[in-house]
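Let me begin by presenting the structure, written as structure tokens, before commenting on it.
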Amino acid sequence: MEITYIGHSCFKIKGKTINLVIDPYDPSMTGYKLPKLSCDVLLTTHDHADHNYIQGVTDYRLLVDGPGEYEIGGCFIYGRYVYHDNKEGEERGKVTMYLMTVDDLNILHVGDLGAELSQEDIQRLPEIDVLMIPIGDKYTINAKTATKVISSVEPSYVLPMHYKTDDLKIEGLTGLKEFLDEMGVEDEEVKEVDKLVINAKSDSESKTQVVVLKPAH
């Protein structure tokens, strides 16, 4: 399985028999270009233009845009509501976090998570190989809360998303450095790669590894 980072909260997951894209963004809102994307399964975590630009993706056979259980081509998807703010949804409602099992690997994308996961959320999760988590604050959790979520989930790999870059038009987000500092990760320890490739469960790290993916936008 390989994962590429398109930008913002958008990733493409390529399995042996199935491809997924999650949270495509509107280029006019984010300032990021959107490359040509096609997939078998398209997922969106919530109805905001920087997360549900479905017209930017082609050839998908299944659109998943909310909670539930789905299965296609040997891929299992479990969607569950989480809060988009730290006031139990009073300010921004809910988003869907997705657990995706591809090639027997468990990938968790928490969308625009706005608070720590509940104990019930955590108890429903299996062992997580890859966690995709927002770190930019303002519309999501901040770096400090993200580290708490990571500690509670204990994934093998962490892929940060939804943070400030020089190209992002959305104002008010914090950048990658704040998160790395909070995690206690030195710059030289960070793996910055074009894609994350995991060939088997045994490839998963015993200790959580932060991987910074270069965006494809």
statement: Of the residues in the range 57-79, those that are aliphatic (A, V, I, L, M) and closer than 15 Å to residue 108 by Cα number 2
Residues located in the range 120-144, provided they are hydrophobic (A, V, I, L, M, F, W, C) and more than 16 Å from the chain's Cα centre (by Cα): 122
message: For the range 188-204, which positions are of a type outside the set (Val, Ile, Thr) and either surrounded by fewer than 13 Cβ atoms within 10 Å (Cβ to Cβ) or within 11 Å of residue 159 (Cα to Cα) (or both)?
response: 188, 189, 191, 192, 194, 195, 196, 199, 200, 202
task: Restricting attention to the range 36-50, report how many residues are small (Gly, Ala, Ser) and in a loop (DSSP other than H, G, I, E, B).
output: 1
- line: Listed by first then second residue, the pairs whose first member lies in the range 65-83 and is modelled with pLDDT of 95 or more, whose partner is acidic (Asp, Glu) and loosely packed, with under 13 Cβ neighbours inside 10 Å, with beta carbons under 9 Å and at least 6 positions apart or on separate chains, are 65/47; 76/69; 77/69; 77/71; 78/69; 79/69
task: Check every one of the strands (runs of 3 or more DSSP E) wholly within the range 155-217 and list those with 1 or more residues that are modelled with pLDDT of 95 or more and hydrophobic (A, V, I, L, M, F, W, C).
output: 157-161, 195-197, 209-213
statement: Note on the range 126-154: residues under 18 Å from residue 99 (Cα atoms), in a loop (DSSP other than H, G, I, E, B) and hydrophobic (A, V, I, L, M, F, W, C) are 128
query: Going through the range 158-174 one residue at a time, which ones are closer than 15 Å to residue 141 by Cβ and surrounded by fewer than 17 Cβ atoms within 10 Å (Cβ to Cβ)?
result: 172, 174
statement: Of (1) at pLDDT 95 or above; (2) farther than 24 Å from residue 170 by Cα; (3) surrounded by fewer than 21 Cβ atoms within 10 Å (Cβ to Cβ), residue 56 satisfies every one except (2)
- request: Within the range 148-190, track down each residue that is closer than 30 Å to residue 123 by Cβ and of a type in the set (D, E, K, R).
  value: 148, 154, 178, 182
query: Which of the strands (runs of 3 or more DSSP E) contained wholly in the range 51-119 include at least 1 residues that are of a type in the set (Ser, Thr, Tyr), within 17 Å of the chain's Cα centre (by Cα) and farther than 17 Å from residue 155 by Cβ?
result: 75-83, 94-102
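Per-residue answers, yes or no, for (1) of a type in the set (Phe, Trp, Tyr); (2) closer than 17 Å to residue 119 by Cα:
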{"residue": "40", "(1), (2)": "no, no"}
{"residue": "57", "(1), (2)": "no, no"}
{"residue": "74", "(1), (2)": "no, no"}
{"residue": "83", "(1), (2)": "yes, yes"}
{"residue": "87", "(1), (2)": "no, yes"}
{"residue": "95", "(1), (2)": "no, no"}
{"residue": "101", "(1), (2)": "no, no"}
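Each row is one residue, and each column tells you yes or no for (1) buried (at least 19 other Cβ atoms within 10 Å of the Cβ); (2) not hydrophobic (A, V, I, L, M, F, W, C).
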residue: 102; (1), (2): yes, no
residue: 116; (1), (2): no, yes
residue: 124; (1), (2): no, yes
residue: 128; (1), (2): yes, no
residue: 136; (1), (2): yes, yes
residue: 143; (1), (2): yes, no
residue: 148; (1), (2): no, yes
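The values are calculated or read from the model by the stated rules, or taken from the named source; none is laboratory data. Worth saying up front: this structure is predicted, and the values here are computed from it rather than measured. Note that we place each Cβ from the backbone using ideal geometry, even for glycine, and neighbour counts take in every protein chain shown.
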